[in-house]
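Have a look at the structure below before the remarks.
The values are calculated or read from the model by the stated rules, or taken from the named source; none is laboratory data. Bear in mind the structure is a predicted one, so any value in this text is a computation, not a measurement. Here the Cβ positions follow ideal geometry from the backbone for every residue, glycine too, while neighbour counts run over all protein chains shown.
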Amino acid sequence: MKKKVVALLLAAVLVVLTLGLAGCGITKKPSAEADTTSTTKTASSNEKKVFTMGIDAEYPPFSYMDDNGEYTGFDVEICKAACERLGWEFKVFGVNWDEKLIQLDAGECDCVWSGMTILPSMKEAGYVISEPYYDNTQVVLVKDSSPIKSSADLAGKSVAVQLGTSGEALLAEDGDCADLSATFGELVTCESFLKCFAELEGNGVDAVFVDAPVAKTYVAEHEGFRIIDENLGAEQYGIAFRADDQANCDAISGAVNSMVEDGTYAKIAEKYPDIVNNLLFLNK
Amino acid sequence: MTLATMIMKMSEGLGKTCAIFFLTLLFSLPLGMIVALLRRSKIKVISKITQFCISVLRGTPLMLQLLAVTYGPYYLSVAVNKLSDLYNWSFYLDISISRNKLIPVVIAFAINYAAYFAEIYRSGLESMPVGQYEAAHVLGYSKPQTFMKIILPQVIRRILPSMTNEIVTLVKDTSMAFTVSYQEMFTIGKQVANSQTSFVPFIIAGVFYYIFNAIVGFVMGRVEKSMSYYTM
């Protein structure tokens, strides 16, 4: 008798569990479709200029596909808002990153705007490149009294970096500054910039590897520190347009500038706390 | 990054996790006994002061104590030096934040856990009937002899389950060393999680802690069994 009761109970639990799990699977779907249709329909009724943005859909937080299957990201949101301001219809085209400029030339998109590093070769090839809007430069912050004069002096020293910042990514084993970090005596990962700076102040570390804007703000507010700026990991992001397309570049830049002025730009940037410190328009 | 490299990376920090664990036990177990005896001191002042210290250590987060032990001395020295400048005292403190973070981490852990262990010891000591002391006295045992040979073994036997509880908590608390940038296993796990945008390192960390605690549980179970001849 007892055994039967236990078996029945177990069976009941199993049934409830499976129903529950299946229920979870079903309820998720409809919301994903609702959003995508709304954006594409609105503009097609009257004759609007169509502006197609070329993005790398796998480059968060600048441009990526969100959980609902829609393209989003900082760059996408800015471009969308700029197009709204200009009265253009906004479209997204996912480029093949290696061939992005060819696809731009072919007219598959009207710009490449996706956390794209400005390379001298692009300007030489004649592409119209916007003013840079994002700066990935890292600097080394040391005490005024420190003997460290350049990044080469960091050999054997202990250096602090904040967890989850672009600095940490650059110094990681597969990062662009891996060679530099290999010379460090010790790389100390702190959970906040506050801790990094406290360690530096109390001689717990010899230097802090930090985003240029963050370091500049800190030095302006605190005495006794100096910045070693060697353009480490220097990268500036910009927007590329076709060679004969100065007009689009001016229009988009104008719209972005007006968004910077009226605060729309900052409002969008707030949603992306990881990059906000490096946005050139906000940290002038 | 493959699962294997993640596990490899994180096990690099496992040594440091173990270092915190064993060193904390090494220092806090005897320290806790001293504190417990001071707490039971017949001199009121000593007992009251000890009681206050224990209440502070148990009443504030371990995370805060870690920060205080690591960064406190430096900022204290800064404050003292400012006063020294102001009143022309003739000394100057030169304290910097320790580079070997294991030292402040173990100090903070040992002090904190000593407070908890002290209360566990006290519960054991106070559970011993006065009759045993009296009987030992009658049989001609000196006070230290009574304590070492009769009382202590029984106390240890009685408090073992609560000790296991506390030691298991210690294993998990080692992850708090992250607050002062000590690169133990969980810190590295967080770094990997961040760079790989993956939750897998946290699962690995969970498994690591569980295995660690399973071993602790097994060892403590053995110790309990080996002492079971004291049960009445």
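Overview of results
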read-out: Residue that is within 14 Å of another protein chain (Cβ to nearest Cβ), touching a Leu at 6+ places or on another chain (Cβ under 8 Å) and buried (at least 18 other Cβ atoms within 10 Å of the Cβ), where the choices are A:139, A:161, A:112; value: A:161
read-out: Leading residue by the ranking (nearest to the chain's Cα centre (by Cα)) among those in the range A:71-88 that are crowded, with 18+ Cβ neighbours inside 10 Å and outside any helix (DSSP H, G or I); value: A:73
read-out: Residues satisfying the stated conditions in the range A:189-211, i.e. more than 9 Å from chain B (Cβ to nearest Cβ), out of contact with any Leu (no Cβ under 9 Å at 6 or more places or on another chain) and surrounded by fewer than 23 Cβ atoms within 10 Å (Cβ to Cβ); value: A:193, A:194
read-out: Every residue from the range B:37-93 that is of a type in the set (S, T, N, Q) and over 18 Å from the mean Cα position of the chain (by Cα); value: B:41, B:47, B:77, B:81, B:84, B:88, B:90
read-out: In the range B:100-136, residue modelled with the lowest pLDDT [restricted to those that are more than 23 Å from residue B:53 (Cα to Cα) and of a type in the set (D, E, K, R)]; value: B:101
read-out: Counted residues, the range A:203-227 - those being over 28 Å from residue B:77 (Cα atoms) and in contact with a Ser or Thr (Cβ under 8 Å, 6 or more places away or on another chain); value: 2
read-out: Odd one out for residue A:92 among (1) over 16 Å from residue A:242 (Cβ atoms); (2) free of Cβ contacts under 8 Å to residues at least 60 places away in the same chain; (3) outside any strand (DSSP E or B); (4) β-branched (Val, Ile, Thr); value: (3)
read-out: When residues of the range A:23-70 are limited to those that are modelled with pLDDT of 75 or more and more than 25 Å from residue A:273 (Cβ to Cβ), the one surrounded by the most Cβ atoms within 10 Å (Cβ to Cβ); value: A:54
read-out: Checklist (1) closer than 28 Å to residue B:38 by Cβ; (2) surrounded by 15 or more Cβ atoms within 10 Å (Cβ to Cβ); (3) away from chain A (no Cβ under 14 Å) applied to residue B:61, failing item; value: (2)
read-out: Where a residue in the range A:263-284 is among the aliphatic types (A, V, I, L, M) and its partner, wherever it lies, is loosely packed, with under 12 Cβ neighbours inside 10 Å, with Cβ under 9 Å and at least six apart; value: A:276/A:270
read-out: Selection count, the range A:142-158, where residues are more than 21 Å from residue B:100 (Cβ to Cβ) and within 14 Å of another protein chain (Cβ to nearest Cβ); value: 1
read-out: Unique residue being within 13 Å of residue A:229 (Cα to Cα) and out of contact with any Pro (no Cβ under 9 Å at 6 or more places or on another chain) when the list is A:151, A:130; value: A:151
read-out: Qualifying position, being surrounded by 17 or more Cβ atoms within 10 Å (Cβ to Cβ), in a loop (DSSP other than H, G, I, E, B) and either at pLDDT 95 or above or in contact with a Gly (Cβ under 6 Å, 6 or more places away or on another chain) (or both), among B:97, B:20; value: B:97
read-out: Subset tally (residues that are of a type in the set (Ser, Thr, Tyr), loosely packed, with under 15 Cβ neighbours inside 10 Å and farther than 26 Å from residue A:280 by Cα) for the range A:142-158; value: 1
read-out: Subset of the range A:95-122 (residues that are of a type in the set (Phe, Trp, Tyr) and either assigned to a loop (DSSP other than H, G, I, E, B) or under 15 Å from residue A:51 (Cβ atoms) (or both)); value: A:113
read-out: Among (1) surrounded by 19 or more Cβ atoms within 10 Å (Cβ to Cβ); (2) modelled with pLDDT of 85 or more, the one test that residue A:95 misses; value: (2)
read-out: The one condition in (1) closer than 23 Å to residue A:256 by Cα; (2) not assigned by TED's automatic domain parsing to the domain that holds residue A:240 that residue A:168 fails to fulfil; value: (1)
read-out: Enumeration of residues in the range B:167-201 that are aromatic (Phe, Trp, Tyr) and within 14 Å of another protein chain (Cβ to nearest Cβ); value: B:178, B:182, B:186
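So that you can scan it fast, the table gives a plain yes or no per residue for (1) crowded, with 20+ Cβ neighbours inside 10 Å; (2) free of Cβ contacts under 8 Å to residues at least 40 places away in the same chain:
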site	(1), (2)
B:113	yes, no
B:118	yes, no
B:135	no, yes
B:140	no, yes
B:144	no, yes
B:154	no, no
B:165	no, yes
B:168	no, no
B:173	no, no
